[in-house]
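Engineer: Have a look at the structure that comes next, please.
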Amino acid sequence: MSPFRVTRTLPLDATDAALRDDVLHGLTLPQSLDPGDDGGGPVLKTLPPKWFYDAYGSELFEQITELPEYYPTRAEREILLARSGEIAAATGARTLVELGSGSSEKTRHLLDALTGLRSYVPVDVSESALRQAGQALLAERPDLDIHALIADFTTGLTLPEGTPGPRLVAFLGGTIGNLVPAERAAFLAAVRSLLEPGDALLLGTDLVKDPSVLVAAYDDDAGVTAAFNKNVLTVVNRELGADFDPAAFTHVALWDAEHEWIEMRLRSRTTQTVKIPALGLAVDFAAGEDLRTEVSAKFREERVRQELTAARLDLTHWWTDEERRFALSLSVA
Ligand code: AVJ
């Protein structure tokens with residue numbers, strides 16, 4: 001049996017330090033309801049979306065992917081099912097690197113289609129998800145050399161020694177939309193620096209469409225997304241001893257037509273002060289004040305091409321589902 005290795009590049013205490021940093025900076029921003037002049041809209045309190053995903057939040061996200069309103073997961077699966085053969089032929093990949101692999105569920109088709117594949121490198125911040133997925137996959141695919149990386153792909157990413165080329169880096173689910181444009185540029189440049197000529201990037205992007213469809217996908221009738229959004233408050237309560245009352249906030253999903261992104265926010269129902277003992281902080285919220293918890297950018301082909309080109313990646317394939325809701329793009333270094 002081929003080896004299953006796990007390498008941690010993310011320091012064990014990095015998560016705690018990063019959460020403190022994000023909460024401190026995100027909740028003590030200059031508090032103005034006037035539009036800032038950075039083109040980023042009003043200056044709002046902000047928490048980055050990565051803190052949604054504790055065990056309960058990950059479970060809620062799994063439920064979201066099955067909601068009638070939340071189409072991206074199904075649309076991407078449709079494309080992967082239809083195009084895995086073409087992806088395999090176009091890349092000839094011998095190594096697949098999957099960023100944010102989670103349960104590696106959506107990659108099964110790709111793994112099966114990539115007939116020349118020798119090595120699989122799932123990358124995630126969750127060690128438990130990596131170990132579970134890795135063990136399951138190892139049993140099914142004893143031919144594969146699996147080397148899991150516990151890493152935050154938005155900061156430090158280096159590949160294990162000796163992964164055979166051509167390499168295919170996959171970043172699926174539309175998660176690149178959670179990065180704002182400057183972060184996307186830095187991220188794509190970092191990915192590009194891992195690649196050698198002939199290596200490729202497979203990128204999933206949700207597409208611009210009727211705003212009512214988009215808003216419904218982030219504000220479902222069953223209230224699962226609202227619970228997912230509020231879960232970030234529970235995470236901050238547990239990790240930093242804060243006293244957020246999730247019921248004192250309402251879930252908001254809005255379409256920002258200028259930036260072409262969905263924003264999720266938590267709107268304070270009343271004037272309130274939240275204590276965060278681990279940071280020695282008391283945070284005031286005005287009635288109706290919003291805390292931004294997620295940006296989920298939606299794309300057009302031209303923007304994807306242009307951002308890839310800026311990172312020295314050449315878009316060679318653009319595949320959508322039948323309804324043109326979601327795209328997978330393949331670009332080469
Ligand atoms: C997993 C980051 C792609 O932005 O659509 C789902 C997360 N947020 N519902 C997205 C999410 C609200 C999702 N991504």
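The values are calculated or read from the model by the stated rules, or taken from the named source; none is laboratory data. From a predicted model like this one, the values you see are computed outputs, not experimental measurements. Cβ sites come from the backbone with ideal geometry, for glycine too, and all protein chains shown count toward neighbours.
Engineer: Before we move on, is GLU294 in contact with a Pro (Cβ under 9 Å, 6 or more places away or on another chain) and within 20 Å of ASP54 (Cβ to Cβ)?
Structural biologist: yes
Engineer: Only one of (1) part of a loop (DSSP other than H, G, I, E, B); (2) within 16 Å of the ligand (Cβ to nearest atom) is not met by ARG74, so which one is it?
Structural biologist: (1)
Engineer: List pairs: first residue in the range 41-63 and more than 13 Å from GLU294 (Cβ to Cβ) and free of Cβ contacts under 8 Å to residues at least 12 places away in the same chain, second residue among the small types (Gly, Ala, Ser) and more than 11 Å from the ligand (Cβ to nearest atom) anywhere in the structure, Cβ distance under 7 angstrom, at least six positions apart or on different chains.
Structural biologist: PRO42/GLY36
Yes/no per residue for (1) in contact with a helix residue (DSSP H, G or I) (Cβ under 6 Å, 6 or more places away or on another chain); (2) in contact (Cβ under 8 Å) with a residue 60 or more places away in the chain; (3) among the aliphatic types (A, V, I, L, M):
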| position | (1), (2), (3) |
| --- | --- |
| VAL125 | no, yes, yes |
| SER128 | no, no, no |
| ALA148 | yes, yes, yes |
| PHE153 | no, no, no |
| GLU161 | no, no, no |
| ARG192 | no, yes, no |
| GLY198 | no, yes, no |
| SER212 | no, no, no |
| ALA216 | no, yes, yes |
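Engineer: State the number of residues belonging to the range 195-207 that are surrounded by 18 or more Cβ atoms within 10 Å (Cβ to Cβ) and over 17 Å from HIS317 (Cα atoms).
Structural biologist: Matching residues across the range 195-207 total 1.
Engineer: Out of ALA282, ALA253, ALA248, ALA286, report the one residue that is in contact with a Phe, Trp or Tyr (Cβ under 7 Å, 6 or more places away or on another chain) and either among the aliphatic types (A, V, I, L, M) or within 16 Å of the ligand (Cβ to nearest atom) (or both).
Structural biologist: Answer to the selection: ALA253.
Engineer: Out of curiosity, is ASP321 touching a residue at least 40 places away in the same chain (Cβ under 8 Å) and over 30 Å from LEU96 (Cβ atoms)? Steps first, please.
Structural biologist: Values: touching a residue at least 40 places away in the same chain (Cβ under 8 Å): yes; over 30 Å from LEU96 (Cβ atoms): no.
So ASP321 does not fit the description; no.
Residues are listed down the side, and each one gets a yes or a no for (1) at pLDDT 85 or above; (2) assigned to a loop (DSSP other than H, G, I, E, B); (3) away from the ligand (no atom under 16 Å from the Cβ); (4) surrounded by fewer than 20 Cβ atoms within 10 Å (Cβ to Cβ):
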{"residue": "THR15", "(1), (2), (3), (4)": "no, no, yes, yes"}
{"residue": "LEU24", "(1), (2), (3), (4)": "yes, no, yes, yes"}
{"residue": "TRP51", "(1), (2), (3), (4)": "yes, no, no, no"}
{"residue": "ILE87", "(1), (2), (3), (4)": "yes, no, yes, no"}
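Engineer: Quick check: anything in the range 281-296 hydroxyl-bearing (Ser, Thr, Tyr), more than 28 Å from GLU62 (Cβ to Cβ) and either in contact (Cβ under 8 Å) with a residue 12 or more places away in the chain or in a loop (DSSP other than H, G, I, E, B) (or both)?
Structural biologist: no
Engineer: Follow-up question, since we're still on this one. Kindly indicate whether any position in the range 265-273 is within 15 Å of the ligand (Cβ to nearest atom), without any contact (Cβ under 8 Å) to a residue 60 or more places away in the chain and within 22 Å of TYR71 (Cβ to Cβ).
Structural biologist: No.
Engineer: OK, next. Would you point out the residue of the range 138-157, among those that are more than 16 Å from the ligand (Cβ to nearest atom) and of a type in the set (Val, Ile, Thr), that is surrounded by the most Cβ atoms within 10 Å (Cβ to Cβ)? Spell out the reasoning first.
Structural biologist: First, the residues of the range 138-157 that are more than 16 Å from the ligand (Cβ to nearest atom): 138-151, 155-157.
Next cut, of a type in the set (Val, Ile, Thr) only: 146, 150, 155.
Numbers: ILE146: 22, ILE150: 20, THR155: 13.
Filtering the range 138-157 for residues that are more than 16 Å from the ligand (Cβ to nearest atom) and of a type in the set (Val, Ile, Thr), the one surrounded by the most Cβ atoms within 10 Å (Cβ to Cβ) comes out as ILE146.
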